[in-house]
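Since the structure comes first, as structure tokens, the remarks are kept for the end.
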Amino acid sequence: MRSRTIRRWRALALCLPLVLGAALSGARAEASHFPPTQPAAAPETGTAAHPGSLATGGPSTRGDAGAIHRAALDRPGDTPVASAHPTLRGYATVALLLLQGALILALVLHALRRRAAGERARAARAQLAPMTRRAAMDEMTASIAHEVNQPLAAIVANANAARRWLDRPEPDLGEARAALERIAGDGLRAAEVIATMRQTFRAADGARVAIDLADLVRDALLLARAEIEDNGVTMRTRLDPGLPPILGNRAQLQQLVLSLVAQALDALQAGPRRSRQLSVTLARDGAEGVALSVSDTGPERLSDDVPGLSICRAIVAAHDGTLSVRRGSEVVVRLPAAPAATETSP
Amino acid sequence: VTKPSYNIETAPIWAKLGVERGRPAPATQLGTERVAAPCCISVVDDDASVREATGGLLRSLGYAVRTFGSAEEFLDSGAEADTGCLITDLSMPGRSGFELQSDLTSRGVALPVIFVTAFATDADRARALEAGAAGFLSKPYSEARLAECLQRAFPPACD
């Protein structure tokens, strides 16, 4: 609604020169009959337009205006009507000029303000992007955790029960056997959950393209740079050139890298600020593969403690790779290279 | 291997009586005058295998157990009368664990409740404690954690 008003005003500002041009040409046509003292007549029209100010103005003001008016009227060769008309036209011109100036100024100011607001919004969006990414990942992690924790809970409870039945003075083998059978079933069910998840990832990935992982990692690190710097983390990267391309989904792999970096940053936040170091390396892995390592100097953690690692595992699994956690603070992802015939996509 | 902090030796006496001596557990004696204290554990979980496993574990520990697939099923069964402790999942289709607890409260039934969830959030944990839960377990949970909650939850009459 507001922008519509602005558009209307802008149209008016653009039309004004035409109006003004017409007014000016009209004024010029009359200029031959126009007295050279025309600008001096300004107060006359002004006061005439504002009877109030005329009334409050002292008698001297009224007298001056009257004198000038008379002077204008007394010009030989000019009828009063002919002279008053061009004067009005002149004032209309000046007023239009001023109006247009004001309007243009307002529009310029508005445009500047709008540009500033746009920049602020862009900055806010850039700041928000990692957060929304986090939120989406948290949601996904929650659903995966829920699905996998159910059979895990059943497995743990059944295992404990089986032990209890066997530990009795008179072991209840029938109950123990039943519990063990349930464990087997629950294990298969957990595997099914993972398989479904993997299938979902595969189905979602649509186009699998050959990807230069070094490029992708570099881009991802650029995205995470602000977060890395804000946390006072020094980053060391070693991305070997000339690595074979891998076949995969760009968005998922980028999410993988960002997620690994985010987990490392989370761990670093737990440690002292002065020795925060994040190291990302990408190197050839054996004859036909690429190994990505993300390690940090933060405290070691159990892989189960890290939310988001399950989603990383799922992405890596969908790319026929492996993910391993070393020393609790280094994650190594191994991905197979694309078949030799494929070319790296731009 | 650490010894579990809970074992059949320290299980409530009534449970040992019921199971060890081959007598039917209190839950199966419903309707008879022999059931005095509400000493049965009711397990409410929509996940069948979790329900079965939890029930199995509790039975192996010597408790009498009844299992229900939903909050509604439990409420309709009238089992609250002989239930000494309720173990319920938090998120279930239909009424949630929290809703089940408030339903019981509005019926004037004060049961110790242990909430179990496959995805624990701080908010749920805080809400559970605020609601006076006897325990909050995140799946999968160890037997020791379960024993801890049960010791806190179970009415002294059952010991």
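Bear in mind these aren't lab numbers, they're just calculated from the coordinates by the rules spelled out. Not measured: the values here are computed from a predicted model. We place every Cβ from the backbone using ideal geometry, glycine too, and count neighbours over all the protein chains shown.
Which three semi-axes in whole Å describe the equivalent ellipsoid of the range A:211-298, each the square root of 5 times a Cα gyration tensor eigenvalue, listed largest first?
Semi-axes from the Cα gyration tensor: 24, 13, 10 Å.
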Report task. Count the net charge of all other residues whose Cβ sits under 11 Å from the Cβ of A:Ala283, scoring Lys and Arg as +1 and Asp and Glu as -1. Result -> +1
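Answer rounded, prolate or oblate for the range A:213-261, using the Cα gyration tensor with square roots of eigenvalues a ≥ b ≥ c: rounded when a/c is under 1.5, else prolate when a/b is larger than b/c, else oblate. Don't jump to the answer; show the numbers that get you there.
Working: a/c = 3.06, a/b = 1.56, b/c = 1.97.
Oblate is the answer for the range A:213-261, as a/c is 1.5 or above yet b/c matches or exceeds a/b.
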Query raised in the report: Per residue of A:139-152, what is the mean number of Cβ atoms on other protein chains within 10 angstrom of that residue's Cβ?
Result: 4
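Just in the range A:249-338: which GluC sites (Glu not before Pro) are loop by DSSP and have at most 16 other Cβ atoms within 10 Å? Spell out each step's value before the answer.
Values: sites: A:Glu288, A:Glu300, A:Glu330; in loops: A:Glu288, A:Glu300.
Sparse-neighbourhood loop GluC sites (Glu not before Pro): A:Glu288, A:Glu300.
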Query raised in the report: What is the packing order of peptides B:40-53, A:244-257, taking the mean over residues of other C-beta atoms within 10 Å and listing the highest first?
Result: B:40-53, A:244-257
Query - Listed residue (B:Thr121, B:Ala147, B:Leu111) projecting farthest to the positive dipole end of the range B:45-159, Cβ model - result: B:Ala147
Report task. Pop a pseudo-label 7 angstrom from the Cα along the beta-carbon direction at both B:Glu99 and A:Asn231 and give the gap in nm to one decimal. Result -> 4.0 nm
Report summary line: Here FRET efficiency (C-beta to C-beta, A:Arg114 to A:Arg250, R₀ 25 Å, nearest 0.05) is 0.15
Report task. Provide the packing ranking of A:86-92, B:127-133, i.e. peptides ordered by the mean count of other C-beta atoms within 10 Å per residue, highest first. Result -> A:86-92, B:127-133
